[in-house]
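One structure is given below, encoded as structure tokens.
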Amino acid sequence: MTIFWRGQRAIGHVLTHQGQVTRAAVGHIDAAFLPRVDEEARRARVPGLTASVVICTRDRHDELARCLASLPEQSLRPREVIVVDNASRDGRTREVALAAGVTYVREDRPGLDFARNTGARTASSEIVAYTDDDVLLHPRWLERLVAAFDEPSIAAVTGLVLPAELATEAQRHFETYWGFGQGYLRRDFEPARFINRGSAVFPAWDIGAGASMAFRRAVFDEVGLFDERLDVGQAGCSGDSEYWYRLLAHGHRCRYAPDSIAFHFHRRTIEGLAGQIYAYMRGHTAALMVQYERTGIVANRARALRWMPAWYARRLALRLVGRRRIEDRFLGREVAGYVAGLRFYQRHRRSVRRASRSFGEGMR
């Protein structure tokens with residue numbers, strides 16, 4: 001993977017394997033792109049906002065130590081760094097956190113969104129920034145993330161997530177077909193676009209990745225915390241995208257700021273990747289039903305119960321007639337995850353009528 005830089009900002013990449021280009025993200029660059037990048041850099045000023053960094057972790061003390069080691073290099077020093085230990089089985093996570101001089105909090109309920117919510121409750125700053133333990137942070141990660149809150153209407157900001165290594169087949173496959181990156185252009189996601197989607201689900205998953213995201217602390221008081229049924233340790237994933245979806249539904253703006261950069265260590269083994277994809281589809285399906293439950297927007301239910309089965313049926317039919325695609329390598333795990341997501345939601349569903357009324361009040 002060749003990444004192109006302008007100063008300290010990534011502006012494009014080309015991914016190759018055995019001499020062949022498998023994915024590129026430079027084709028959008030036109031005559032106006034580089035001047036726009038330079039203008040954004042000139043305008044960028046870190047507002048007078050305090051920031052807390054929250055890292056949620058479980059039984060990965062080595063990865064946590066590596067992540068924490070990248071924080072002292074930040075150009076904007078956080079007011080506090082909070083490590084939320086999500087039910088680790090021994091004391092090594094605590095030892096790593098205390099050795100780094102950060103705040104250590106224990107959350108015994110297994111589930112990433114339990115841990116995220118504990119971090120939000122613990123944080124004392126105006127901005128709460130989240131990253132994962134399997135991430136390395138660019139020295140200007142936090143500075144650029146906080147700088148993107150340059151208007152009061154911006155409630156959430158995500159950053160660009162690039163791979164930290166591409167050493168194995170599993171890592172190359174994930175980056176090619178499932179990667180976290182959302183491109184190199186800054187984008188704002190407006191409530192008006194959310195409302196005018198008609199029968200289609202707003203693709204909140206395009207806003208960014210939970211490995212690099214931040215929120216105004218005040219929005220947690222207004223729209224609630226992360227849905228603890230979702231993400232790792234529960235449904236599997238999508239706690240982040242469900243929250244961005246909820247913010248838009250309540251009239252807030254979200255921003256993708258690619259000048260804030262983090263580097264993620266993808267799963268190294270095919271077995272680990274297969275399990276991750278299963279969890280992704282399990283969580284995605286459950287999140288669609290949670291979004292319907294919270295907002296009453298039927299497009300979410302239609303995607304989960306009609307569109308996705310038809311999509312999988314087409315892909316399976318192509319495979320049966322011999323038209324195999326590398327993108328469908330884990331199709332069986334995807335389908336299994338989809339079915340498991342519906343079952344998970346059925347066991348943890350809440351009242352749609354109550355959630356829909358709450359959504360209407362929020363929009364008013």
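Pairs linking a residue in the stretch 44-56 that is closer than 8 Å to Thr131 by Cα to a residue that is assigned to a strand (DSSP E or B) and small (Gly, Ala, Ser), with Cβ atoms under 8 Å and 6 or more positions apart or on different chains, are Val53/Ala129; Val54/Ala129. Residues in the stretch 264-288 that are closer than 22 Å to His250 by Cβ and open to solvent by 20 Å² or more (accessible area, probe 1.4 Å): His284 only.
When Arg324, Arg314 are checked against the criterion of being assigned to a helix (DSSP H, G or I) and open to solvent by 20 Å² or more (accessible area, probe 1.4 Å), a single residue qualifies: Arg314. Scanning the stretch 66-92 for residues that are small (Gly, Ala, Ser) and either over 23 Å from the mean Cα position of the chain (by Cα) or closer than 23 Å to Glu143 by Cβ (or both) turns up Ala69, Ser70, Ser75, Gly91. In the stretch 145-230, counting only strands (runs of 3 or more DSSP E) that sit wholly within it, the ones holding 2 or more residues that are over 15 Å from the mean Cα position of the chain (by Cα) and not β-branched (Val, Ile, Thr) span 187-189. Would you confirm whether or not the stretch 293-304 contains a residue that is within 22 Å of His173 (Cβ to Cβ), part of a helix (DSSP H, G or I), of a type in the set (Gly, Ala, Ser) and modelled with pLDDT of 90 or more? Checked against the condition, which is being within 22 Å of His173 (Cβ to Cβ), part of a helix (DSSP H, G or I), of a type in the set (Gly, Ala, Ser) and modelled with pLDDT of 90 or more, the stretch 293-304 yields no hits at all.
Restricted to the stretch 207-241, and to residues there that are open to solvent by less than 40 Å² (accessible area, probe 1.4 Å) and of a type in the set (Val, Ile, Thr), the residue that is nearest to Met281 (Cα to Cα) is Ile207.
Only one entry of Tyr245, Tyr256, Tyr278 meets the criterion of being within 16 Å of the chain's Cα centre (by Cα) and either at pLDDT below 95 or assigned to a helix (DSSP H, G or I) (or both), and that entry is Tyr245.
When Gly337 is tested against the conditions (1) open to solvent by 50 Å² or more (accessible area, probe 1.4 Å); (2) modelled with pLDDT of 85 or more, the lone failure is (1). Find all pairs meeting these conditions: Cβ atoms under 7 angstrom apart; at least six residues apart or on different chains; first residue within the stretch 147-160 and among the aromatic types (Phe, Trp, Tyr); second residue outside any strand (DSSP E or B). Going by the 7 Å Cβ cut-off, the qualifying pairs are Phe149/Pro47; Phe149/Leu49. Per the listing Thr131, Thr158, the residue uniquely open to solvent by less than 10 Å² (accessible area, probe 1.4 Å), polar (S, T, N, Q) and touching a Phe, Trp or Tyr at 6+ places or on another chain (Cβ under 7 Å) is Thr158. Which one is most open to solvent (accessible area, probe 1.4 Å) among residues in the stretch 289-299 that are of a type in the set (A, V, I, L, M, F, W, C) and closer than 16 Å to Ala235 by Cα? Checking each candidate, the answer is Met289.
The values are calculated or read from the model by the stated rules, or taken from the named source; none is laboratory data. Every value quoted in this text rests on a predicted model; they were computed, and no experiment measured them. Don't worry about glycine lacking a Cβ; one is built from the backbone with ideal geometry, like all the others, and counts go over all protein chains shown. Accessible surface is based on the protein model in full, side chains and every heavy atom, while ligands, DNA and RNA are left aside. Shrake-Rupley method; radii C 1.70, N 1.55, O 1.52, S 1.80 Å.
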